[in-house]
1. Is it the case that I149 is of a type in the set (A, V, I, L, M), more than 28 Å from T105 (Cα to Cα) and crowded, with 24+ Cβ neighbours inside 10 Å?
2. Could you check V253 against (1) at positive phi; (2) surrounded by 12 or more Cβ atoms within 10 Å (Cβ to Cβ) and say which number it fails?
3. Please specify each residue of the stretch 17-51 satisfying the condition of being assigned to a loop (DSSP other than H, G, I, E, B) and exposed (fewer than 14 other Cβ atoms within 10 Å of the Cβ).
4. Scanning for something at pLDDT below 95, in a strand (DSSP E or B) and either within 9 Å of V37 (Cβ to Cβ) or not hydroxyl-bearing (S, T, Y) (or both), does the stretch 86-106 turn up at least one residue?
5. What pairs can you find where one residue is in the stretch 296-323 and touching a residue at least 12 places away in the same chain (Cβ under 8 Å) and on the phi > 0 side of the Ramachandran plot, the other is part of a loop (DSSP other than H, G, I, E, B) and buried (at least 17 other Cβ atoms within 10 Å of the Cβ), and their Cβ atoms are less than 6 Å apart, with a gap of 6+ or different chains?
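The values are calculated or read from the model by the stated rules, or taken from the named source; none is laboratory data. This one's a predicted model, so the numbers in the text were calculated from it and none came from an experiment. Heads up, the Cβs are rebuilt from the backbone with ideal geometry, glycines too, and the neighbour counts pull from every protein chain shown.
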Amino acid sequence: MRYKSGMRAALFRGTGPADEVLSVEEVEPPPLGPNDVGVRVSVSAVNPTDWKERSRGAGPGEAGFKVPNQDGAGTIEAVGADVDPARVGERVWVYFAAWKRRWGTAAELCVLPSRQAVALPDSVSDDLGASLGIPALTAHRCLFADGPIDGATVLVSGGAGAVGHYAIELAKWRGARVITTVSGDQKAELAADAGADAVVNYRVEDAAERIAELAPAGVDRVVEVALHRNLDLDRAVCGEHASIAAYANGGSVKLAVRELMVRNLNVRFVLVYTMPEPALALAVSEVSEALAAGALSELPAHRFTLDRIAAAHDAVEAGAVGKVLVDLAG
């Protein structure tokens, strides 16, 4: 089953600043492999990984150009020979669209393996579907890589960010108590709206003292966005046998191995693209389950048209609070 020919897509042919290397052009969509689906994209989301790849990553190489953005939502328009044709017309959220592939979601059509297009409930908006992917799957791995969290106390660093937002919501959905750190009032409000039990503004109070008051026995899990800055804080507030899951590379860290060993603390590093296949499958399944249960919500959106794709990438690079979305429908 084939899709209509021709599509508008954002693309880059080399790495560098967004306004220098990103352009919007008319291109032919890629052919469907036997296990692929062609998704008519309605909303594409921009994550830090997207601008970083475009800015200083490997670039498009011999392919000539690459369409950016890993996450999005839309409707399946065509399927490969080995995919159930009943999937045509299905609303989906997609993930890893541009991982080791040329065709990301910043285009009217996105072609990717069928398993990476996940059914989107009728009650869920395309905006929320497009926002899941990298952030929600990363949050899931950070939370559950070291076992169940029912009744645990979880510390989420940066609770107003996309990963932090879904870490709060997934942790609450699974019965954990959540403490989160933020750097301002607007971010505190976002974290509280996501369901955090306690929000600590580290700019106006001593985070270690406040978290110790909230969790005298120590926290059981840490979802960490800035290990290079927060390792001392994490060590101070962790209980015995706790796990710290770091998902962003901010710089080198020096580990106090003896102290971590004596307390049986675990420092785990998480890169969503290379997480074990069973863990990825579980994350996709449980994120979908949480979505259907109404446990996940949208962050405030910063909207851009495809023609303003460079501005969208720049907004994420500048640290926009909320979710940067690129509209492709209409």
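1. Judged against the criteria, I149 is not a match.
2. In the conditions (1) at positive phi; (2) surrounded by 12 or more Cβ atoms within 10 Å (Cβ to Cβ), V253 misses (1) alone.
3. Those that are assigned to a loop (DSSP other than H, G, I, E, B) and exposed (fewer than 14 other Cβ atoms within 10 Å of the Cβ): E28, P31, P34.
4. Looking through the stretch 86-106, at least one residue is at pLDDT below 95, in a strand (DSSP E or B) and either within 9 Å of V37 (Cβ to Cβ) or not hydroxyl-bearing (S, T, Y) (or both).
5. G322/L299
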